[in-house]
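Here the structure is laid out as structure tokens; the discussion comes afterwards.
The values are calculated or read from the model by the stated rules, or taken from the named source; none is laboratory data. Values in this document were obtained by computation on a predicted structure and should not be read as measured data. Methodologically, a virtual Cβ is constructed for each residue, glycine included, from the backbone with ideal geometry; neighbour enumeration extends over all protein chains shown.
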Amino acid sequence: MKRALRRHHKQRMIARANNICNKIWYCNGVYVFSHEQLSRLADNLKPCSCDMCCNPRRSPWTTKLGKLTIQELKELEKWKSYWE
């Protein structure tokens, strides 16, 4: 039962990767990815590394203040008001 469930989920993720890739990289009626490539993409379906898709702390495009969490920004405001 475990093997069958694992195979079922792998096929489900391959189908999901196929849907995602066809929406993004469908060019002139031709699908860009083969089944082997979709199988590899199914393990990690993160389509890109933009600010919306990746961790903002590790993104090279965000500023230092953009990498702070809400709690850290609140603490920073407290320290700024304390020293003013």
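Take segment 35-82 and flag every residue that is surrounded by 10 or more Cβ atoms within 10 Å (Cβ to Cβ), modelled with pLDDT under 75 and closer than 16 Å to ASN19 by Cβ.
PRO47
Could you grab the pairs with beta carbons closer than 8 Å, sequence gap of 6+ or different chains, first residue in segment 1-26 and touching a residue at least 24 places away in the same chain (Cβ under 8 Å), second one loosely packed, with under 14 Cβ neighbours inside 10 Å and assigned to a helix (DSSP H, G or I)?
Here the result reads ILE14/HIS35, each pair linking segment 1-26 to a residue that is loosely packed, with under 14 Cβ neighbours inside 10 Å and assigned to a helix (DSSP H, G or I).
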